[in-house]
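One structure is given below, encoded as structure tokens.
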There are 2 protein chains.
Amino acid sequence: MGDRILLCRRAIEPRLDHWTLPAGFLEIGETPADGAGRETFEETGARVEIGDPFTLITLLHVGQVYLIFRAKLLEKTFGPTKESLEVRLFTEKDIPWNRLAFSSIATTLKLYYQDRTAGAFRLHQRALTKPGQSRSLRGYLEF
Amino acid sequence: MGDRILLCRRAIEPRLDHWTLPAGFLEIGETPADGAGRETFEETGARVEIGDPFTLITLLHVGQVYLIFRAKLLEKTFGPTKESLEVRLFTEKDIPWNRLAFSSIATTLKLYYQDRTAGAFRLHQRALTKPGQSRSLRGYLEF
């Protein structure tokens, strides 16, 4: 929304009480974009327009792949849910970097601000091993 | 390779004897791009440089998501493998449209030639239900 980003403070484990972008696991019968919209609504109560895929993040140590989309908040209706203690819009300077739930979220937010500064968004691929660590994608991928 | 595309004729079920792009399931500890490179080598013996993600295809009826990458053949070393009866380069006019193994592959090849004609490749999202059928992504996605 404008230059602000919607984050939620987790009401559930893992990483209870830490901030995250809305995300979750895909269900049978939905596309990744469907799942992103559904999870956003479940965790924040917000209706969003899902945009382009923005980060493709593999968590190597747990065998999970996340595809995170950019999205536009359609109306300013959001708030706490069963899954979120608090839902808030953050400007860049207010992002709670030390209280983020997952390295995939920190990585995505950093890339978002980097692309925004550069004036163009593109799909980024990252492989993370443990929180904070990343490896390049076998050298043959631009990275 | 040039304007040709590498396809393999399946040596295994499902869709034994039908043509496909190299593809398969991701293993723990690899990224989607890693998996694409590994599957290509396993099925064709070819070493490739994995490029940008090109189609993101959800098979709604089986709960599978495929991310298919463009790739460049690094050397003309390929041939039959345990998984492929035959491995061949095809020009557009020779693509065996009636002998393709999966609707995801037909969709990807059509989009590839469409983008090539348009002069620009981008990531396409599609949801397929049964072979040949597709649905739009909830209207709110450009499609």
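The values are calculated or read from the model by the stated rules, or taken from the named source; none is laboratory data. Here the structure is a predicted model, which means the values were calculated and not measured. Glycine gets a Cβ as well: all are built from the backbone with ideal geometry, and neighbour counts include every protein chain shown. For the accessible areas, the whole protein counts, side chains as well, though only heavy atoms, and no ligand, DNA or RNA atoms are used. Shrake-Rupley method; radii C 1.70, N 1.55, O 1.52, S 1.80 Å.
Could you identify the single residue in B:73, B:67, B:56 that is of a type outside the set (Phe, Trp, Tyr) and more than 12 Å from the chain's Cα centre (by Cα)?
Being of a type outside the set (Phe, Trp, Tyr) and more than 12 Å from the chain's Cα centre (by Cα) holds for just one of B:73, B:67, B:56, which is B:73.
Okay, residues lined up against (1) farther than 15 Å from residue B:6 by Cα; (2) outside any strand (DSSP E or B); (3) touching a Gly at 6+ places or on another chain (Cβ under 8 Å):
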position: B:85; (1), (2), (3): no, no, no
position: B:88; (1), (2), (3): no, no, no
position: B:98; (1), (2), (3): yes, yes, no
position: B:105; (1), (2), (3): no, yes, no
position: B:108; (1), (2), (3): no, yes, no
position: B:116; (1), (2), (3): yes, yes, no
position: B:121; (1), (2), (3): yes, yes, no
position: B:125; (1), (2), (3): yes, no, no
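Within the stretch A:105-122, does at least one residue satisfy the condition of being among the hydroxyl-bearing types (Ser, Thr, Tyr) and touching a Leu at 6+ places or on another chain (Cβ under 8 Å)? Before the answer, list the steps.
Of the stretch A:105-122, the ones among the hydroxyl-bearing types (Ser, Thr, Tyr) are A:107-108, A:112-113, A:117.
Checking the rest, the ones that are also touching a Leu at 6+ places or on another chain (Cβ under 8 Å) come to A:107-108.
Yes, that holds for at least one residue.
Considering B:52, B:34, B:17, B:3, which residue is under 25 Å from residue A:126 (Cβ atoms) and open to solvent by 40 Å² or more (accessible area, probe 1.4 Å)? If you could, list the steps in order and put the result at the bottom.
Details: B:34 fails: open to solvent by 40 Å² or more (accessible area, probe 1.4 Å); B:17 fails: under 25 Å from residue A:126 (Cβ atoms); B:3 fails: under 25 Å from residue A:126 (Cβ atoms).
Result: B:52 is the single residue among B:52, B:34, B:17, B:3 that is under 25 Å from residue A:126 (Cβ atoms) and open to solvent by 40 Å² or more (accessible area, probe 1.4 Å).
Please find, among A:23, A:46, A:33, A:71, the residue that is at pLDDT 95 or above, of a type in the set (A, V, I, L, M, F, W, C), within 17 Å of residue A:4 (Cα to Cα) and not in a strand (DSSP E or B). Lay out the reasoning, then the answer.
Details: A:23 fails: within 17 Å of residue A:4 (Cα to Cα); A:33 fails: within 17 Å of residue A:4 (Cα to Cα); A:71 fails: not in a strand (DSSP E or B).
Exactly one residue qualifies, and that residue is A:46.
What is the one condition in (1) at pLDDT 95 or above; (2) within 30 Å of residue A:66 (Cα to Cα); (3) over 10 Å from the mean Cα position of the chain (by Cα) that residue B:91 does not satisfy?
Only one criterion is unmet by residue B:91, namely (2).
Consider residue B:58 carefully, then state whether it is assigned to a strand (DSSP E or B), open to solvent by less than 20 Å² (accessible area, probe 1.4 Å) and modelled with pLDDT of 95 or more.
yes
Can you tell me which residues in the stretch A:62-82 are open to solvent by 50 Å² or more (accessible area, probe 1.4 Å), in contact with a strand residue (DSSP E or B) (Cβ under 8 Å, 6 or more places away or on another chain) and more than 14 Å from chain B (Cβ to nearest Cβ)?
Hits for the stretch A:62-82 are A:78, A:80.
Within the stretch A:27-49, which residues are of a type in the set (A, V, I, L, M) and closer than 17 Å to residue A:102 by Cβ?
Once the filter is applied, which keeps residues that are of a type in the set (A, V, I, L, M) and closer than 17 Å to residue A:102 by Cβ, the stretch A:27-49 yields only A:36.
Would you please list the contacts, defined by Cβ atoms under 6 Å and residues six or more apart or on different chains, that run from a residue in the stretch B:98-126 that is away from every other protein chain (no Cβ under 14 Å) to a residue that is small (Gly, Ala, Ser) and open to solvent by 50 Å² or more (accessible area, probe 1.4 Å)?
The qualifying pairs are B:103/B:132.
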